[in-house]
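J.: Quick one: structure below, then a few questions.
The values are calculated or read from the model by the stated rules, or taken from the named source; none is laboratory data. Keep in mind that what you see is a predicted model, and the values were worked out from it rather than measured. Cβ placement follows ideal geometry from the backbone for every residue including glycine, while neighbour counts extend to all protein chains displayed.
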């Protein structure tokens, strides 16, 4: 079961309006300890995003640098208008790929009406690794193995320690074992999967059993 952004996003978003003064934006970032401020209109629709990098551009111009001082006095004048966004139902894995590809540290979450619904940071996406071992074990045992893969209860046992899954049991072939491992590796919060089996003992014309554990 893939986690969605709506499960890890910050819903009470610290934001500003287009006419918010530059110094007020700097103060809000300091007080609220956030790295970026979405800029919205009176209806809550996203217009842009104002990051620490955007604000620091005003300080890049020093005497002798050859750069002109950024004239921005409001959020609208300093913000980045081309914003990478995502819907609340996007999976965390997809969001991680999107943020990496776009080289962004914050991802505003937009609802169907274009309004700001939340925001996630890279740190928010790491929250999946804070899942308890018991929560991971239950999902693997009850949702993945039994419901998704149709493996009868008790055929395979999953023990989870610090996010590492240790599988024990039998399957009919090495290809089946590889499928199970691949699916378990994609369970949110899983750090790794340990399962010892001999692939040479299965996938033969005569069939066979792969024993794990």
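J.: Name every residue in segment 191-213 that is buried (at least 19 other Cβ atoms within 10 Å of the Cβ) and at pLDDT below 50, in order of residue number.
T.: 202, 210
J.: Something else about it: Would you be able to tell me the number of residues in segment 152-178 that are within 28 Å of residue 7 (Cβ to Cβ) and either touching a residue at least 24 places away in the same chain (Cβ under 8 Å) or outside the structural domain of residue 191 (by TED's automatic domain parsing) (or both)?
T.: Summing the residues that are within 28 Å of residue 7 (Cβ to Cβ) and either touching a residue at least 24 places away in the same chain (Cβ under 8 Å) or outside the structural domain of residue 191 (by TED's automatic domain parsing) (or both) in segment 152-178 gives 11.
Residues checked against (1) modelled with pLDDT under 95; (2) closer than 19 Å to residue 123 by Cα; (3) within 22 Å of the chain's Cα centre (by Cα):
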site	(1), (2), (3)
20	no, no, no
35	yes, yes, yes
44	no, no, no
52	yes, yes, yes
55	yes, no, no
58	yes, no, no
61	yes, no, no
67	yes, no, no
70	yes, no, no
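J.: Would you mention how many residues in segment 170-190 are in a loop (DSSP other than H, G, I, E, B), within 18 Å of the chain's Cα centre (by Cα) and surrounded by fewer than 18 Cβ atoms within 10 Å (Cβ to Cβ)?
T.: Counting residues in segment 170-190 that are in a loop (DSSP other than H, G, I, E, B), within 18 Å of the chain's Cα centre (by Cα) and surrounded by fewer than 18 Cβ atoms within 10 Å (Cβ to Cβ) gives 1.
J.: Another one. Tell me, which helices (runs of 4 or more DSSP H) lie completely within segment 31-147 with 1 or more residues that are touching a residue at least 40 places away in the same chain (Cβ under 8 Å) and surrounded by 12 or more Cβ atoms within 10 Å (Cβ to Cβ)?
T.: Qualifying helices (runs of 4 or more DSSP H): 75-78, 92-102, 122-125, 133-138.
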